[in-house]
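Participant: Encoded as structure tokens, here's the structure I'll be asking about.
The values are calculated or read from the model by the stated rules, or taken from the named source; none is laboratory data. Quantities reported herein were computed from a predicted structural model and do not represent experimental measurements. All Cβ positions, glycine included, derive from the backbone under ideal geometry; neighbour counts span all protein chains shown. Ligands, DNA and RNA are excluded from the accessible area calculation, which covers all protein heavy atoms including side chains. Shrake-Rupley method; radii C 1.70, N 1.55, O 1.52, S 1.80 Å.
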Amino acid sequence: MMSPANDPKQTAGAILTDSTYAVIYDLHSHTTASDGRLTPEALVHRALEMRVGTLAITDHDTVAAIPGARAEIERAGLPLTLISGVEISTVWENHEIHIVGLNIDITHPSLVTFLQAQTERRQQRAMLIAERLDKAQIPGAWEGALKLADGGAVTRGHFARFLVEAGKANTMADVFKKYLARGKTGYVPPQWCTIEQAIDVIHHSGGKAVIAHPGRYNLSAKWLKRLLAHFSESGGDAMEVAQCQQAPHERAQLAAYARQYGLMASQGSDFHQPCPWIELGRKLWLPAGVEGVWQSWEQQPQKINEREV
Ligand code: AMP
Ligand code: MN
Ligand code: MN
Ligand code: MN
């Protein structure tokens, strides 16, 4: 039998309170406020179980999860630093590019107004997706996706779940390939904001702008470099370099790009729900030679009251 001292679950508390233990930064995660499956309260507990010391919640175009997560950390006295974040949907050269905002002031008026506009765009797009599916003899998608979103931001992830539950495909990957990817029956070209607008609103609310999962846009090396150059020239701060699941050498390649384009590096699981290969904090570390985006705010504590409004 395993003794309590050897059982990681039993010793996790002791390790977490040991200040010499290296904390894990996970700066990309989702909750039920968008297409994640865990509530904000459940997510912060799970983060701690996975030995994450600093967690950013970055729901799609909403910050609705942040107050509840913060309150739970306080209530339960969790040794977890929560970074207020958001994942903003943008369109660039006909590609949907996600820009993560980290360490933002979620009450900043320009951010609040901006996210309201993004929410309206989401609703419009969701209605059009449902109309297209209806024409393709798949009724009930609007009600179905809305029910799954349960008051949170409605995403293609909810349509995908609805379609899998309706027996239209076996897996989320298949359902995207068949119905929701660019050019497919349920695809609606998005009306998202530009990359510059996303960077601008993140900066106005005191945050750092980070390109999310650069390896997941199906861009050739030439186009990816073009994107990074554009982001950097537009004032972007960092790019995600480390994720749980990456092709061999991808992390080293992304770190090299970060240096080349003068960007800091970030890392995040993009956790949506418990699953064997994507987990909070899993395999998150940065190669040598890049600067972690968190260093920028840990070295310069925020002065919210002195910030220009
Ligand atoms: P949206 O922001 O509404 O376009 O939805 C994008 C979300 O759909 C992503 O954040 C993922 O959660 C999910 N998604 C996109 N592509 C796939 C895929 N191929 N397989 C599973 N989920 C996906
Ligand atoms: Mn998602
Ligand atoms: Mn994303
Ligand atoms: Mn994400």
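Participant: Does residue 128 satisfy the criteria of being among the hydrophobic types (A, V, I, L, M, F, W, C), in contact (Cβ under 8 Å) with a residue 60 or more places away in the chain, away from ligand 3 (no atom under 16 Å from the Cβ) and open to solvent by 70 Å² or more (accessible area, probe 1.4 Å)?
Facilitator: Judged against the criteria, residue 128 is a match.
Participant: Of the residues 23, 44, which single one is away from ligand 1 (no atom under 15 Å from the Cβ), modelled with pLDDT of 95 or more and of a type in the set (Val, Ile, Thr)?
Facilitator: Only one candidate passes the filter, namely 44.
Participant: Kindly check whether there is at least one residue in segment 74-81 that is surrounded by fewer than 15 Cβ atoms within 10 Å (Cβ to Cβ), touching a residue at least 40 places away in the same chain (Cβ under 8 Å) and away from ligand 1 (no atom under 16 Å from the Cβ).
Facilitator: Scanning segment 74-81 turns up at least one residue that is surrounded by fewer than 15 Cβ atoms within 10 Å (Cβ to Cβ), touching a residue at least 40 places away in the same chain (Cβ under 8 Å) and away from ligand 1 (no atom under 16 Å from the Cβ).
Participant: Here is a further query. Being open to solvent by 10 Å² or more (accessible area, probe 1.4 Å), of a type in the set (Gly, Ala, Ser) and either in contact with a strand residue (DSSP E or B) (Cβ under 6 Å, 6 or more places away or on another chain) or within 16 Å of ligand 3 (Cβ to nearest atom) (or both) is the filter here; which residues of segment 147-164 pass it?
Facilitator: 152, 153, 157
Quick grid of which residues meet (1) charged (D, E, K, R); (2) in contact with a strand residue (DSSP E or B) (Cβ under 6 Å, 6 or more places away or on another chain); (3) modelled with pLDDT of 95 or more; (4) surrounded by 16 or more Cβ atoms within 10 Å (Cβ to Cβ):
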residue	(1), (2), (3), (4)
232	no, no, yes, yes
240	yes, yes, yes, yes
266	no, yes, yes, yes
277	no, no, no, no
303	yes, no, no, no
308	yes, no, no, no
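Participant: Given the conditions (1) hydroxyl-bearing (Ser, Thr, Tyr); (2) open to solvent by 30 Å² or more (accessible area, probe 1.4 Å); (3) not in a loop (DSSP other than H, G, I, E, B), which single one is not true for residue 84?
Facilitator: (2)
Participant: Right, next: When both residues are 6+ apart or on different chains and their Cβ atoms are under 6 Å apart, which pairs have a first residue that lies in segment 107-121 and is over 18 Å from residue 155 (Cβ atoms), and a second that is not in a helix (DSSP H, G or I)?
Facilitator: The qualifying pairs are 108/205; 111/205.
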